[in-house]
1. Could you calculate the contour length gain from HIS62 to GLU31, that is, 0.36 nm times the residue separation minus the distance between their Cα atoms, to one decimal place in nm?
2. Are there trypsin sites (Lys or Arg not before Pro) in segment 22-64 that DSSP marks as loop and that have at most 11 other Cβ atoms within 10 Å, and which are they?
3. Near the amide H of PHE52, under 5 Å away, which other amide H atoms are found, from residues 5 or more places off or on another chain, if H is placed in the peptide plane?
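A short reminder: the numbers here are calculations on the coordinates, not readings from a lab. Please read these numbers as outputs of a predicted model, since none were measured by experiment. Counting neighbours? That spans all protein chains shown, and the Cβs are built from the backbone with ideal geometry, glycine included.
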Amino acid sequence: MRNGLGHAVLVTELLRDDGPFEAVAEDFVSERCTRCGEWGSEDMRFSYSGGFLCPQCMSALHAA
């Protein structure tokens, strides 16, 4: 059960067909950046507010 304090995404939410995280899950599986669409970077990271991001987009997100 969630306590509302973290930004964790439950696996069941991530993989549901009707949830808000469907596009992020597809980006993760295909190793594609949610923001710019870059494929296969070895240092991809998940950001709760940005999705599955390449290093450049993660830096840009934190700089904003």
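1. Separation in residues times 0.36 nm, less the Cα-Cα distance, equals 9.1 nm.
2. Qualifying residues, ordered by number: none.
3. Result for PHE52 returns THR34, SER47.
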